[in-house]
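Okay, so here's the structure we're looking at.
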Amino acid sequence: MQKEKHKVVDSKQTIKTVVTIDVYNKMKYLCQKISAVEWSGVLFYTVEGSIKDPENMVITMRNILPLDKGTSGYTEYVLDDRLTNFLMDNPDHLGYKIGHIHSHNTMAVFFSGTDMDELTENSEAHNYYFSFIVNNKMEMTAKVGQMVTSESKSYVKALDDNGEEYISESLETSKHVITYDCKIHNTYVSVTDDVFKANVEEIMKPKPAPTPKFGMGYQKQHSLFDDFEKANTITDYGPGFSWSPNEVDGDAVDAEELCIRLLTKQRVGNVTDKVTLEAIIKEKNKTSLSIKEAVNYFFLNLDVFIRDVTKIPVEEEDMNAYIDDLLFIRDTIDVYDEYKLVQEIVVSLEDIIEQIYKEVK
């Protein structure tokens with residue numbers, strides 16, 4: 001039987017919502033690891049004040065338990081023993097309230113009709129229900145839904161058996177959902193913990209496609225670099241393509257130097273101290289080759305450069321996974337100023353190189 005759809009009333013009052021450093025970084029990590037499809041999970045939060053006074057109420061986001069990697073069109077999960085086990089391992093979370101968080105990957109953040117249905121349905125099972133949406137650009141929106149009951153008395157005049165007038169009183173009740181928009185305050189930026197990362201890896205494992213329950217679809221945008229890609233992909237090492245690699249048991253390859261070589265297409269020779277990432281960006285802004293084209297060259301040829309630099313036989317599947325971890329940068333390339341974009345790449349490169357060396361030691 002289809003559930004009754006309750007009327008939704010938008011309140012003009014807003015609720016302050018604080019995104020803590022830890023939660024912000026976990027959202028960013030999820031959007032990086034799962035950038036092409038939607039993800040979702042449990043959102044733990046605390047409250048100061050009361051829903052009776054929304055304008056002075058403060059929601060503080062405390063943690064995320066990722067439970068599903070969906071598809072481009074939807075994400076869903078059930079509250080199973082993963083939540084129970086998590087709470088047993090983290091008893092301090094027993095005092096937190098539970099809400100819902102999901103991503104819109106490359107889409108804008110807003111509450112679609114499906115998202116509103118999810119909000120109103122779950123509002124009935126909570127005193128009030130907190131739902132949060134984020135996308136790969138780290139744009140955010142959130143709402144609180146509260147199921148309320150309205151009561152009204154009505155009076156009617158009628159005639160009795162003898163034709164005499166009398167007044168009848170009745171009490172009518174109805175339910176509807178009041179929604180409050182959230183005013184989001186951010187605090188930035190830390191590192192994620194190992195338990196959280198392990199939970200993300202768990203939901204990324206293959207699974208049968210479930211029946212859609214909530215989420216929304218999108219069409220993937222055409223790449224800005226399709227033509228550039230055809231002309232700039234290295235298909236083999238080519239003559240003279242060699243470096244003197246660091247030994248596996250020595251220091252790891254410097255990520256910034258590797259990034260400089262990729263962006264300047266410098267396969268051999270020494271990189272002088274005068275060649276910095278900032279200098280490269282300024283120089284390329286004066287030429288026909290933009291920094292965005294250079295970054296795309298970086299993505300196309302990262303596997304070739306890393307294999308040659310490290311001299312480590314990285315499996316193709318692993319290399320593809322490393323590259324996938326970086327693709328979110330290109331997908332959200334317009335979000336960053338150019339220097340910050342390259343710095344993001346360097347940080348990700350450091351993680352990748354460290355992982356490669358760790359796996360062979």
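The values are calculated or read from the model by the stated rules, or taken from the named source; none is laboratory data. None of the values given here were measured: they were computed from a predicted structure. Every residue, glycine among them, receives a Cβ derived from its backbone with ideal geometry; neighbour counts consider all protein chains shown.
A few remarks follow.
- Criterion: aliphatic (A, V, I, L, M) and touching a residue at least 40 places away in the same chain (Cβ under 8 Å) - qualifying residue of ILE133, ILE178: ILE178
- Leading residue by the ranking (modelled with the lowest pLDDT) among those in segment 136-161 that are of a type in the set (Ser, Thr, Tyr) and within 37 Å of the chain's Cα centre (by Cα): THR149
- Checking LYS7, LYS33, LYS28 one by one, the residue that is over 20 Å from the mean Cα position of the chain (by Cα) and either charged (D, E, K, R) or outside the structural domain of LYS197 (by TED's automatic domain parsing) (or both) is LYS7 and no other.
- From the options THR106, THR84, THR71, residue that is within 24 Å of THR17 (Cα to Cα), assigned by TED's automatic domain parsing to the domain that holds LYS28 and either assigned to a strand (DSSP E or B) or hydroxyl-bearing (Ser, Thr, Tyr) (or both): THR106
- Test: LYS183 is surrounded by fewer than 19 Cβ atoms within 10 Å (Cβ to Cβ), outside the structural domain of LYS52 (by TED's automatic domain parsing) and not β-branched (Val, Ile, Thr): no
- Restricting attention to segment 92-103, the residues being over 20 Å from the mean Cα position of the chain (by Cα) and in a strand (DSSP E or B) number 1.
- Selection of segment 115-137 for residues being in contact with a helix residue (DSSP H, G or I) (Cβ under 6 Å, 6 or more places away or on another chain) and part of a loop (DSSP other than H, G, I, E, B) yields ASN136, LYS137.
- Check on SER174, out of contact with any Lys or Arg (no Cβ under 7 Å at 6 or more places or on another chain), at pLDDT 80 or above and polar (S, T, N, Q): yes
- Count of segment 19-52 residues which are buried (at least 20 other Cβ atoms within 10 Å of the Cβ) and assigned to a strand (DSSP E or B): 8
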